[in-house]
Every structure is written in structure tokens, then in C-alpha cells.
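Here's the structure, in C-alpha cells; my notes come after.
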Amino acid sequence: MKKEITSWYSQRLNKEMPIVTYGHYGFALLLVPTAAADFLEYERFQMIDSLAPHIEAGKIKVYSIDSVNNESWLNKNMAPWDQSIRHQQWNEYIYDEVIPFIRTSSSQDTPIIVSGASFGALHSMNLFLKRPDIINGVIAMSGVYDLTYYSNGYMDDNVYYNSPQHYVPNLSDHNVLEMIRRSHHIHLLTGSGAYEDPRAGGEFAKLLYDKGINYEFDNWGTNYKHDWPTWRDMLPFYIKTKF
């Protein structure tokens, strides 16, 4: 399997940001880390091994990025306002730097699907919903879509506009809604085993339904807990059966 690590100094984040790519061809699968993890997390936890048949077959080309959660919501020594600003800077890094990198290293019309688990699920869903013009779909696993869950209840404009549970009910821009509605790939996956919160996924699915947005909400049941074996089963299955 072809693997390449690239890095550049991000003007949005004012730091060096690495990205790892697996494969040669296929639609772009952009992986967002969980919690405090880095761009190699999916490799360390054998997700890349689980996706290898699809990578090697040229169905997908995987891009895995760094988060800055340790410099935002997980940094308890940072003021909440500064945390929210850092989060927004990371979004801008994705939209203004990572997406153009994917287009350049694949092709201008390559579909981009963003995916993540746990905190990465919230980020993935948010990234898609805010920019459906440049991201084509989302696979969100074991997510809670209320950012105040991570901001310890703090709310400002940056929290609100990055918290799908809050802003989706008030989405009114017809053009944005129509772009979201045209996606065939809005997948919310959860288990109901230990440390999973399927109610959070179900509540968010209801918000999408109320907006006339097509989605798939799939609860895999009590045998699937909030952990990597669950996600290693879910993501390859959806790549195989839904794309």
C-alpha cells in the first residue's frame, strides 16, 4: 500500500500540520481523529489495515489529519473564548488548506467523504454541514452532535455555529439546504453497548428529518461499544456496501 506523509506550515493555525495519505486512486476519505489523537491514530488502531482491501482496490484514497483538540476543547487551562477561536481556526485549515491539497493530489472532481469516530464524528458532521459545496458526504460513528458536551456548557457564536445540534434546527439558507439534501451519504452510526450514546444520534437524526434531509441512522446494537473494534467493523462495511 502506498503511504505518504506530507507537512506544511498552516497559515490558519500558525503551526506545522502533517497529513498522511494511503493509496493511489478512488474517492477521498478524509479521516478526523478522536479526542486528543493525531494524524496517525487510524493506522495505530488498525483502521487502515481494515480499510486496506478498499485502498488497494483503488476504491478509496485515505487522508488522515491532525486535530487541535488539545489546543481547544481539551485544554482546560485555556479560556473558553480562546478555545472556540482555535476550533474555528482548525475548520478554516480544513476548508482552505486540506481540501485544496486533496484536490491537487487527487483530481478537482474527486468526491470527498469525511469520517470520524467519537469527538471526530461531531467534527466530521459539522465540517460537511457547513460546506456541502466542497465536501460530499459524511460517515459519523458514535457521535454526540452537541458541542457544549465538550465545551462544558460554554456557548458563544463559534460554539453555536460549530454545534450541529444547535444550528441545524435554524438552517434556513435554501441553497445550503439543497446542497445538503442532494448528498446520498449522510450516515450516522452507533452502537448501544458500553459508553455509547445512541440517543444522541437519534435526536440529531430527527433534526435532519425535520429539515427534509435524507440520512441513514444505524444502531448496531448492544454488542458494539464505544471503542475501536466497533469502528473497525463499521467503516469498512459502509465503504463496501454504500459506495
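Quick rundown of the values:
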item	result
Prolate/oblate/rounded label for region 54-149 (Cα gyration tensor, a/c 1.5)	prolate
Packing-based exposure ordering (other Cβ within 10 Å, fewest first) of HIS87, HIS54, HIS166	HIS166, HIS54, HIS87
Test item: Cα-centred dipole of the chain, Lys/Arg +1 and Asp/Glu -1 on Cβ, debye	460
Cβ-defined net charge surrounding TRP90, 15 Å radius [Lys, Arg +1; Asp, Glu -1]	-3
Net lengthening on full extension, ILE5/ILE134 (0.36 nm per residue, minus Cα-Cα)	44.1 nm
Cα centre as origin, Lys/Arg/Asp/Glu Cβ charges: region 1-82 dipole, Debye	180
For region 49-170, size of Cβ-based charge dipole, Lys and Arg +1, Asp and Glu -1, in debye	220
Normalised contact order of region 3-242, rounded percent, pairs of Cα under 8 Å and 6 or more residues apart	17
For TYR9, TYR93, TYR42, order by how many other beta-carbon atoms lie within 10 Å, fewest first	TYR9, TYR93, TYR42
Local electrostatic count at MET179 - Lys and Arg +1, Asp and Glu -1, tallied over other residues with Cβ under 10 Å	0
Sorted by Cβ neighbour density within 10 Å, fewest at the top, the residues ARG181, ARG44, ARG86	ARG44, ARG181, ARG86
Sorted peptide list for 187-196, 206-215, 167-176, criterion being average Cβ within 10 angstrom, highest first	187-196, 206-215, 167-176
Sequence-separation-based contact order of region 1-117, relative, with Cα cut under 8 Å and 6+ spacing, percent	32
Listed residues SER64, SER50, PRO80: farthest to the positive end of the dipole of region 47-102 (Cβ charges)	SER50
Dipole of region 126-192, positive direction: furthest Cα of TYR154, SER183, VAL144, with charges on the beta-carbon	SER183
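Throughout, read-outs are computed from the coordinates displayed, never taken from laboratory work. This structure is a prediction, so every number in the text was calculated from the model and none was measured. Don't worry about glycine lacking a Cβ; one is built from the backbone with ideal geometry, like all the others, and counts go over all protein chains shown.
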